[in-house]
Amino acid sequence: MSNFVFPPAEIPSAAVRGTDARYAVSRIFCVGRNYADHAREMGADPTREPPFYFTKPATALTPSGSMVPYPSETQNYHYEMELVLAIGAPVFKVTPDAAVAAIWGYAAGLDMTRRDLQAVAKAAGRPWDTAKGFDQSAILGDIVRKSELGLLAKGAITLAVNGVEKQRGDLAEMIWNQAEIVSNLSHLYHLHPGDLIYTGTPAGVGAVVAGDVIVGRIEGLGEITLTIGPAE
Ligand code: MN
């Protein structure tokens, strides 16, 4: 046993449907602008430019069903409903076909965002960390194994706030599909079990306030919920 000056933090992990065993999370990658209609609403050109990424710390992971406080230092706190991939095999510089084989499971996710800080960062050419990688910013539903579901390549992805639909898209509308994303990312990083990939959001992102209840759904996968609490 190693000797630590402070006790190590708990390993971040996600529930896996149908088992008590948990999926230990080491890294969270996120794809930017992967649905054309969302790229347009953010003022970007949705032509097929190479995918780009940002990350959140694994400690930002927060289970579906939680209440999170309205975060500090923002006046424009946004939801982004996303399909999340859970990697289940080590891969490096793999083809899209080999990349698909490394996808072990799927989950519904919310990429919570301080949109005002992101706008400032974009304008100044600065990193997105405080806009994207803050505490409790990576909401995650239960992981469902791909061996149970099969390839989840199409199906409705929707989000409602207080029962009013705000986002509706289809997984088939991704600019870069899941095989291409994992393949592309595997050229930048050695991917391992424990790596999650948030695959981008369809159009309709918007702000929430304290008291709002978010419900997201992915056809064939399930639901994710989040309640926004008062500011800390
Ligand atoms: Mn996102």
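On the beta carbon distance between LYS122 and ARG48, with R0 = 22 Å, the FRET formula returns roughly 0.60. Remark: segment 181-232 carries 37 Å² of accessible area per residue (probe radius 1.4 Å; ligands, DNA and RNA excluded). Taking every protein chain into account, the accessible area of segment 1-126 amounts to 52 square angstrom per residue (probe 1.4 Å). Remark: relative contact order (the chain) = 31 percent; criterion is Cα-Cα distance under 8 angstrom and separation of 6 or more residues. Per-residue accessible area (protein heavy atoms, 1.4 Å probe) orders HIS187, HIS78, HIS192 as HIS187, HIS192, HIS78, starting from the largest.
As a length-normalised measure over Cα pairs under 8 Å and 6 or more apart, the relative contact order of segment 36-153 settles at 31 percent. Grab the beta carbon distance between GLU165 and PHE4, set R0 = 41 Å, and tell me the FRET efficiency rounded to 0.05. Here the calculated transfer efficiency is 0.30.
Estimate the FRET efficiency between ARG40 and SER72 by the formula 1/(1 + (r/R0)^6), using the beta-carbon distance for r and 25 Å for R0, to the nearest 0.05.
For R0 = 25 Å, the calculated efficiency reads 0.25.
The Cα atoms of the chain cover 50, 40, 37 Å along the three principal axes, with the biggest extent listed first.
Annotation note: trypsin sites (Lys or Arg not before Pro) in segment 93-151 located in DSSP loop regions with a Cβ neighbour count of at most 11 within 10 Å are LYS93. Peptide packing: for 30-40, 11-21, the average count of neighbouring Cβ atoms within 10 Å per residue gives the ranking 30-40, 11-21, highest mean first. Here's the picture: a label point sits 7 Å out from the Cα of ASP129 along the beta-carbon direction, and within segment 55-78 the residues with their amide nitrogen under 20 Å of it are 55-62, 71-74. Most tightly packed first, judged by the mean number of other beta-carbon atoms within 10 Å of their residues, the peptides 219-226, 60-67 read 219-226, 60-67.
Judged by the ratio a/c of the largest to the smallest principal axis of the C-alpha gyration tensor, segment 1-111 counts as oblate, that ratio being 1.5 or greater while a/b is no larger than b/c.
Only protein heavy atoms count here; on that basis, with a 1.4 Å probe, TRP104 has an accessible area of about 90 Å².
Summarising the label geometry, the points placed 7 Å from Cα in the beta-carbon direction at ALA231 and SER147 lie 4.9 nm from one another. For segment 82-196, the square roots a ≥ b ≥ c of the C-alpha gyration tensor eigenvalues yield an a/c of 1.5 or more together with a/b not exceeding b/c, which makes the shape oblate.
What order, most packed first, do the peptides 79-89, 156-166, 197-207 have when packing is the mean number of other Cβ atoms within 10 Å of each residue?
On the way: 79-89: 24.6, 156-166: 15.8, 197-207: 22.0.
Top to bottom by mean Cβ count within 10 Å: 79-89, 197-207, 156-166.
The values are calculated or read from the model by the stated rules, or taken from the named source; none is laboratory data. What you are looking at is a predicted structure, and each value in this text was computed from that prediction instead of being measured. Note that each Cβ is placed from the backbone with ideal geometry, even for glycine, and that neighbours are counted across all protein chains shown. These accessible areas exclude ligands, DNA and RNA; they are computed on the full protein's heavy atoms, side chains included. Shrake-Rupley method; radii C 1.70, N 1.55, O 1.52, S 1.80 Å.
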